[in-house]
Amino acid sequence: MKGKLFLYLNSFSPREWKSFERFLVGVGKESVPDQVKLVGFWKERILSGQLVEPTKAEVADVLFPGQTVRAQEIRYLESDLVKSVEAWWIHQELRDDALLRRTILLRALSRRALPKPFNSLMKESEALLQQSEVRDLDYLFYRYRLNNLAFEFASRRENRGLDPGLHRIMGDLEEMYLSGTLKYGSILVNLANVVSSPVEPELVERLLAFGREATGKGFQGAEVYYHVLLTLVAPDQEEHYQRLLGTLEDGNDLFGQEEMGQLYAFALNYCVKKLNEGREDYLQKLFELYQRLLERRVIFDGNYILQQHFKNIVTTAIRLGEYAWTEAFLADYIRFVPPQDRTNSRTYNQAALHFAQRQYSAALRLLQQVEFTDVYYHVDSKALLLKTYYELAEWEPLLSLVEAFDIYLRRNRMISPYQQKVYRNFLKIAKKLVRKRLGSRKKVAEIKAEMEGVKEIADLGWLRLKAQEMGPQA
């Protein structure tokens with residue numbers, strides 16, 4: 001099992017090493033010089049790609065050559081360094097959170113019964129909180145903290161009277177409770193749907209009642225999650241989806257970028273589920289939703305678009321025949337894919353576009369240029385390569401690919417059982433279609449019947465098309 005120091009330092013980005021070293025020097029403790037040496041040792045080791053934890057003897061030989069150093073002394077030094085990393089992280093969190101710093105200072109001023117600086121800082125803090133455009137659970141929590149600190153300070157001075165601060169605190173707690181319960185309740189219901197293990201009806205009814213109550217009280221953040229919940233428990237009532245989109249548009253300042261991304265993910269998943277049910281009209285809705293997410297940069301994770309989102313956007317646009325839009329998107333947005341994923345993403349998505357435009361030779365050249373490192377890109381690229389071989393009537397390499405692809409699916413533990421099933425079913429039907437093209441006596445109608453009976457199958461639309469192209473009498 002990896003030690004805490006190993007785990008901590010391996011989490012550093014290249015830029016963080018210098019920042020941490022500057023922090024250490026500024027601490028000024030007696031053990032700092034040895035900690036700086038130890039950091040230098042770990043930095044060189046980790047950045048050179050050595051992921052094996054060194055022994056205590058190895059550390060002693062490098063840091064204190066020729067000296068007699070006991071293993072216990074190295075353990076003490078490593079323990080001090082762990083505490084320094086934790087202190088640095090706390091320092092960073094405080095530096096980046098002005099309200100957190102202020103609530104800590106307000107508590108200190110309250111305990112020391114210093115009314116003038118307390119009241120001055122309280123006014124500044126309340127003004128800072130009101131300037132925030134975000135109205136998420138963190139905002140509600142800080143509003144509660146400030147109101148609670150004001151009440152505690154008044155209590156210490158025996159100046160409570162009929163202070164309305166208690167009413168504010170109770171309102172804060174109520175809004176936090178309803179908003180938090182609806183947020184995490186929606187996530188719970190969604191997860192239960194994913195694993196096909198429904199939540200108890202009584203809990204769903206309680207959540208719905210909370211949603212109605214929160215809406216009646218005008219709690220905007222809670223209302224958004226109430227509409228998320230309705231799309232999950234009553235997906236056939238499509239007006240809930242429209243209301244969810246409406247509340248997201250109306251409340252676009254309520255949440256930070258990350259949480260907005262999570263909320264829009266519910267809307268994206270709703271569209272995908274409708275598509276899986278055969279509702280092709282939701283393909284256009286999904287495309288428009290992706291365009292809105294790009295426009296508002298909600299789909300960005302920091303400065304980047306995750307490669308899975310990038311691929312989903314391209315796939316959606318291609319299915320709609322938006323080839324010119326896709327060309328422009330690939331040219332304009334590929335720079336926003338994380339650098340380590342950029343080659344895979346550019347190659348696969350450009351190949352997918354070539355394939356959709358029936359430029360099969362161009363697609364084949366791209367797919368043969370690169371070995372995909374991401375497992376799902378690898379799987380999708382092999383399926384696309386198979387379809388390209390089929391369109392080019394390259395039967396021998398296609399059949400070889402079928403065998404190699406099947407082995408890969410069975411042996412790779414990173415692929416979910418469901419993904420294994422749908423792609424192995426795809427290979428099974430594709431192989432039968434190829435054999436039919438090569439002269440098998442099996443009727444196409446039999447292959448079609450088997451295809452429709454399976455259902456859990458990747459690229460079902462393409463397989464149907466290829467079977468249809470053989471004619472009804474084949």
**Request:** Kindly indicate whether any position in region 410-422 is assigned to a helix (DSSP H, G or I), without any contact (Cβ under 8 Å) to a residue 40 or more places away in the chain and over 28 Å from Val194 (Cα atoms).
**Result:** no
**Asked** Can you tell me which residue in region 424-464 is modelled with the highest pLDDT, limited to those that are farther than 19 Å from Asp406 by Cβ and under 33 Å from the mean Cα position of the chain (by Cα)?
**Response** Gly461
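Does Glu73 qualify as being part of a helix (DSSP H, G or I), in contact (Cβ under 8 Å) with a residue 60 or more places away in the chain and of a type in the set (D, E, K, R)?
Details: part of a helix (DSSP H, G or I): yes; in contact (Cβ under 8 Å) with a residue 60 or more places away in the chain: no; of a type in the set (D, E, K, R): yes.
Here the answer is no, as Glu73 does not meet what is asked.
Restrict the check to region 409-423 and report whether at least one residue is of a type in the set (D, E, K, R), modelled with pLDDT under 95, open to solvent by 50 Å² or more (accessible area, probe 1.4 Å) and touching a helix residue (DSSP H, G or I) at 6+ places or on another chain (Cβ under 8 Å).
Here is the first cut: in region 409-423, the residues of a type in the set (D, E, K, R) are 410-411, 413, 421.
Right, trim to modelled with pLDDT under 95 and you get 410-411, 413, 421.
Adding the requirement that they be open to solvent by 50 Å² or more (accessible area, probe 1.4 Å) leaves 410-411, 413, 421.
Next, only the ones that are touching a helix residue (DSSP H, G or I) at 6+ places or on another chain (Cβ under 8 Å) stay: 410.
Yes: region 409-423 contains one or more residues that are of a type in the set (D, E, K, R), modelled with pLDDT under 95, open to solvent by 50 Å² or more (accessible area, probe 1.4 Å) and touching a helix residue (DSSP H, G or I) at 6+ places or on another chain (Cβ under 8 Å).
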**Message:** Here are the criteria: (1) at pLDDT 90 or above; (2) surrounded by fewer than 16 Cβ atoms within 10 Å (Cβ to Cβ). Tell me which single one Glu249 does not satisfy.
**Reply:** (1)
**Complete:** Among the residues of region 42-59, the number that are of a type in the set (Val, Ile, Thr) and surrounded by fewer than 16 Cβ atoms within 10 Å (Cβ to Cβ) is 2
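Specify which of the listed residues (Val85, Val62, Val36) is open to solvent by 50 Å² or more (accessible area, probe 1.4 Å) and either acidic (Asp, Glu) or under 38 Å from the mean Cα position of the chain (by Cα) (or both).
Only one candidate qualifies: Val36.
Across region 380-408, what is the total count of residues that are polar (S, T, N, Q) and open to solvent by 40 Å² or more (accessible area, probe 1.4 Å)?
Filtering region 380-408 for residues polar (S, T, N, Q) gives 381, 388, 400.
Subset that is open to solvent by 40 Å² or more (accessible area, probe 1.4 Å): 400.
The number of residues fulfilling the criteria is 1.
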**Request:** Please determine, by comparing only the residues of region 207-229 that are more than 26 Å from the chain's Cα centre (by Cα) and aliphatic (A, V, I, L, M), which one is surrounded by the fewest Cβ atoms within 10 Å (Cβ to Cβ).
**Result:** Ala209
**Fill in**
Those residues of region 302-329 that are open to solvent by less than 60 Å² (accessible area, probe 1.4 Å) and among the charged types (D, E, K, R) come to a total of 1
**Prompt:** Across region 252-272, what is the total count of residues that are open to solvent by less than 20 Å² (accessible area, probe 1.4 Å) and of a type outside the set (A, V, I, L, M, F, W, C)?
**Reply:** 2
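Yes or no: Leu286 open to solvent by 30 Å² or more (accessible area, probe 1.4 Å), among the aliphatic types (A, V, I, L, M) and either part of a helix (DSSP H, G or I) or out of contact with any helix residue (DSSP H, G or I) (no Cβ under 7 Å at 6 or more places or on another chain) (or both)? First the steps, then the outcome.
Details: open to solvent by 30 Å² or more (accessible area, probe 1.4 Å): no; among the aliphatic types (A, V, I, L, M): yes; either part of a helix (DSSP H, G or I) or out of contact with any helix residue (DSSP H, G or I) (no Cβ under 7 Å at 6 or more places or on another chain) (or both): yes.
Considered against the rule, which asks whether it is open to solvent by 30 Å² or more (accessible area, probe 1.4 Å), among the aliphatic types (A, V, I, L, M) and either part of a helix (DSSP H, G or I) or out of contact with any helix residue (DSSP H, G or I) (no Cβ under 7 Å at 6 or more places or on another chain) (or both), Leu286 comes out as no.
Open to solvent by 70 Å² or more (accessible area, probe 1.4 Å) and among the charged types (D, E, K, R): does that describe Lys116? Give the steps one after another, and end with the answer.
Details: open to solvent by 70 Å² or more (accessible area, probe 1.4 Å): yes; among the charged types (D, E, K, R): yes.
Taking the combined requirement at face value, the residue satisfies it.
Checking the conditions here, which among Val204, Val194, Val199, Val134 is surrounded by 18 or more Cβ atoms within 10 Å (Cβ to Cβ) and aliphatic (A, V, I, L, M)? Explain how you work it out, then say what you get.
Working: Val194 fails: surrounded by 18 or more Cβ atoms within 10 Å (Cβ to Cβ); Val199 fails: surrounded by 18 or more Cβ atoms within 10 Å (Cβ to Cβ); Val134 fails: surrounded by 18 or more Cβ atoms within 10 Å (Cβ to Cβ).
Result: Val204 is the single residue among Val204, Val194, Val199, Val134 that is surrounded by 18 or more Cβ atoms within 10 Å (Cβ to Cβ) and aliphatic (A, V, I, L, M).
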**Unmet requirement for Gly26, which otherwise passes all of (1) farther than 30 Å from Asp138 by Cα; (2) touching a residue at least 12 places away in the same chain (Cβ under 8 Å); (3) small (Gly, Ala, Ser)** = (2)
**Message:** Leu182 - would you say it is part of a helix (DSSP H, G or I), under 29 Å from the mean Cα position of the chain (by Cα) and surrounded by fewer than 14 Cβ atoms within 10 Å (Cβ to Cβ)?
**Reply:** no
**Message:** Can you find, within region 230-246, the residue that is most open to solvent (accessible area, probe 1.4 Å) among those that are assigned to a helix (DSSP H, G or I) and of a type in the set (D, E, K, R)?
**Reply:** Arg243
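The values are calculated or read from the model by the stated rules, or taken from the named source; none is laboratory data. Keep in mind that this is a model prediction, so the values were computed, not measured. Every residue, glycine among them, receives a Cβ derived from its backbone with ideal geometry; neighbour counts consider all protein chains shown. Surface areas here come from the heavy atoms of the whole protein model, side chains and all, with no ligands, DNA or RNA. Shrake-Rupley method; radii C 1.70, N 1.55, O 1.52, S 1.80 Å.
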